[in-house]
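Engineer: Let me begin by handing over the structure; questions about it come next.
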Amino acid sequence: MRLDKYLKVSRIIKRRTVANEACDAGRVLVNGKVARASYEVKPDDILELQLGSRVVKAQILSVNEYARKGEAEELYKILSDEPKA
């Protein structure tokens with residue numbers, strides 16, 4: 001699944017266009033490298049997102065095309081959520 005779609009399906013970012021813009025701006029890292037929106041995510045990838053004044057680090061647990069609101073949180077595990085230094 002594409003990175004921008006995964007961010008939307010998992011509800012880490014609410015809209016796919018916003019996820020796409022974040023990737024284009026270089027604010028999304030996968031396994032320590034800047035990732036494009038077209039990157040194919042897989043389980044055990046580590047995402048690092050710079051969202052406003054926060055840096056969120058999460059591990060992908062599973063990749064599903066669709067997820068209900070309650071199931072979305074089961075797709076990833078937050079490793080850290082801290083203010084940007």
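Every number here is computed from the coordinates shown, using simple stated rules; none is lab data. Worth saying up front: this structure is predicted, and the values here are computed from it rather than measured. Cβ atoms come from the backbone with ideal geometry, glycine included; neighbour counts cover every protein chain shown.
Engineer: Pop out the ³J(HN,Hα) list for region 59-69 in order, Karplus 6.51 cos²θ - 1.76 cosθ + 1.60 with θ = phi - 60°, rounded to Hz; leave Gly and Pro as x.
Structural biologist: After applying 6.51 cos²θ - 1.76 cosθ + 1.60, I find 10, 6, 9, 8, 10, 10, 5, 9, 8, 6, 4 Hz.
Engineer: How large is ³J(HN,Hα) for each residue in region 26-41, as worked out from phi by the Karplus curve 6.51 cos²θ - 1.76 cosθ + 1.60 (θ = phi - 60°), to whole Hz, x for Gly and Pro?
Structural biologist: For region 26-41, the Karplus-derived couplings read x, 8, 10, 10, 10, 6, x, 10, 4, 10, 7, 4, 7, 4, 7, 6 Hz, x marking Gly and Pro.
Engineer: Something else: Highest mean first, what order results for 69-82, 46-59 on Cβ atoms within 10 Å? Can you show the working numbers first?
Structural biologist: Details: 69-82: 12.8, 46-59: 15.2.
Per-residue Cβ counts within 10 Å, averaged per peptide and sorted highest first, yield 46-59, 69-82.
Engineer: Could you run the Karplus curve 6.51 cos²θ - 1.76 cosθ + 1.60 with θ = phi - 60° over region 47-55 and give me ³J(HN,Hα) per residue in whole Hz, x for Gly and Pro?
Structural biologist: Listing the rounded values in order: 9, 10, 10, 9, 10, x, 9, 10, 10 Hz.
Engineer: 5 Å is the cut-off here: which amide hydrogens, built 1.01 Å from N in the peptide plane, fall below it relative to Leu51, excluding neighbours closer than 5 in sequence?
Structural biologist: Val56
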